[in-house]
1. Of all the accessible heavy-atom surface of the range 45-123, with the other protein chains kept in place and a 1.4 Å probe, what percent is carbon and sulfur?
2. Using the alpha carbons of the range 58-120, what is the convex hull volume per residue in cubic angstrom, as a whole number?
3. Distance in nm between label sites at Arg88 and Ala135, each 7 Å beyond Cα in the beta-carbon direction?
4. For the range 69-139, calculate the relative contact order in percent as a whole number, restricting contacts to Cα pairs under 8 Å that are 6 or more residues apart.
5. Find the accessible area per residue for the chain; the probe is 1.4 Å, ligands and nucleic acids are left out, and the unit is Å².
6. Using the crude model of +1 on Lys and Arg Cβ and -1 on Asp and Glu Cβ, and no other charge, please compute the dipole size for the range 44-106 relative to its Cα centre, in debye to 20.
7. Taking the Cα centre of the range 28-156 as origin and charging only Cβ (+1 Lys, Arg; -1 Asp, Glu), how large is the dipole, in debye to the nearest 20?
8. What number, rounded to the nearest 500 deg cm²/dmol, is the helix-based mean residue ellipticity at 222 nm of the chain, given -39500 (n - 2.57) per DSSP H run of at least four residues and division by all its residues?
Amino acid sequence: MSKHTLIRAATLTDSPSIADKSHDGGASSSAVPGYVGAMKDPDRLVLVAEAGGQVVGWAKTHVWDHADGPALAGHYLGGVTVDPRWRRQGIAARLTQERLAWIWTRNHEAWCVVNAENIASIELHRAWGFVQVAAAARFHTTIFAGGRGLLLRAERPIESPNH
């Protein structure tokens with residue numbers, strides 16, 4: 001159950017577990033240097049979800065310093081990967097909330113790109129106010145299987161004056 005999972009910043013010792021989860025999710029092993037680079041980059045955040053001492057999910061952010069068509073420069077949510085045995089327990093939502101909280105301390109908006117066929121991810125992001133900005137076969141370096149991805153944007157929530 002997700003209440004028993006710990007969300008924390010990833011460390012280099014988590015790299016093998018992240019690689020395993022990513023491979024299970026369809027990523028190639030050549031992506032590992034990217035995870036390690038993201039962990040060392042102060043402008044990025046890599047989180048893991050841990051249960052019983054085991055990594056059961058992970059997620060990251062990315063920052064683009066230039067625009068690529070409608071995909072403006074800024075902070076982007078990267079992929080979320082949750083072990084299939086741990087899905088549907090709120091782990092992806094918790095990883096998303098923590099990454100957004102981190103982004104909101106740095107910027108007033110957050111971006112993400114998602115495959116247009118990934119309804120679960122689209123619905124997950126709508127919970128934080130993400131709306132579609134554009135659709136294309138690629139944004140920045142992300143090329144979409146099936147040839148159609150969505151660019152989504154959300155604004156930092158306005159704080160209540162009583163908080």
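1. Carbon and sulfur together cover 51 percent of it.
2. Normalising the Cα hull of the range 58-120 by residue number yields 89 Å³.
3. Between Arg88 and Ala135, the label points sit 2.8 nm apart.
4. 40 percent
5. Roughly 55 Å² per residue, with all protein chains present.
6. The calculation lands at about 220 debye.
7. Value, rounded to 20: 220 debye.
8. Counting only the DSSP helices, I get -7500 deg cm²/dmol.
The values are calculated or read from the model by the stated rules, or taken from the named source; none is laboratory data. Small disclaimer: the values here were computed from a predicted structure and weren't measured. With ideal geometry, Cβ positions are generated from the backbone for all residues, glycine too; neighbour counts draw on all protein chains shown. Just so you know, the surface numbers come from the protein's heavy atoms only, side chains and all, with ligands and any DNA or RNA stripped out. Shrake-Rupley method; radii C 1.70, N 1.55, O 1.52, S 1.80 Å.
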